[in-house]
């Protein structure tokens, strides 16, 4: 992939089926030995005319395509469109909308939307290493909330009318924010030394849920920086060094701040509000995963990653994952019409 540096070069390269096959084999089987995704046999032959592999193992469905066993499985879209789509999503800083992708690839918006969610699944990291490391490095933790403003919600006309009347009478009306609002909470942790972040949607922001997430992802003995949320006061009892910054009075006190994770929140919300506009809470976690992938694999002075490096990393994670349309839309298990 060293010769591919731009999107234009990627499109030209993957327009050739042989290039698609060679690259897919490289990311799926780095050792150079093609294995059957159904039985693991290595006695496999490429049938050029049928454009499939033939497995000589003793089982049904001996023929399989390059897509079988990946997030591309059962997709009628060719790899000549799949790989450029992966390139765009991994390298567009604020993401790419399904409408934009549909125009670029010549597919429907619904198809482009399904493609993007499959690629986001491939971007999901499977790292089990804890943040902070064995030396107990500094880790920032914080939570944010995603959702529309209360003034824009349907069924709020009467409330707005009452609020307007109260303002006219000189009575201050405050909009509920944070955990008091109906927005979806997202919890994040940033390792300052590694410059790596982990974030995911939480069903609710409560002490037990926060402590459980920190214990699963942060090494004990690490120094944790947070805001003044009362729930974090349990951290010293769990063998963590804890420092807080009160945002009512200050944002930075020496090394004590949460500016790093808040920078990630700004990047996340820029994509959610500017590119995707309306994201359902049911799908929010995959959009968070997308931004986490780009943030953790961005170019830095110590790690000058290029667009091709991010693309190859995402491509190497497509195998062993599957997302059906029924699962994506929350209809898995329901009877499908004939």
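Within the stretch 74-95, can one find any residue that is buried (at least 19 other Cβ atoms within 10 Å of the Cβ) and part of a loop (DSSP other than H, G, I, E, B)?
Yes - at least one qualifying residue is present in the stretch 74-95.
For residues that are in a helix (DSSP H, G or I) and in contact with a helix residue (DSSP H, G or I) (Cβ under 9 Å, 6 or more places away or on another chain), tally how many sit in the stretch 287-333.
19
Would you point out the residue of the stretch 19-36, among those that are outside any helix (DSSP H, G or I) and in contact with a strand residue (DSSP E or B) (Cβ under 6 Å, 6 or more places away or on another chain), that is surrounded by the fewest Cβ atoms within 10 Å (Cβ to Cβ)?
34
Answer yes if at least one residue in the stretch 44-57 is in contact with a strand residue (DSSP E or B) (Cβ under 8 Å, 6 or more places away or on another chain), in a loop (DSSP other than H, G, I, E, B) and either surrounded by 14 or more Cβ atoms within 10 Å (Cβ to Cβ) or on the phi > 0 side of the Ramachandran plot (or both), and no otherwise.
No, every residue in the stretch 44-57 fails to be in contact with a strand residue (DSSP E or B) (Cβ under 8 Å, 6 or more places away or on another chain), in a loop (DSSP other than H, G, I, E, B) and either surrounded by 14 or more Cβ atoms within 10 Å (Cβ to Cβ) or on the phi > 0 side of the Ramachandran plot (or both).
No value in this document is a laboratory result; all are computed from the given coordinates. Not measured: the values here are computed from a predicted model. Cβ: placed from backbone, ideal geometry, glycine included. Neighbour counts: every protein chain shown.
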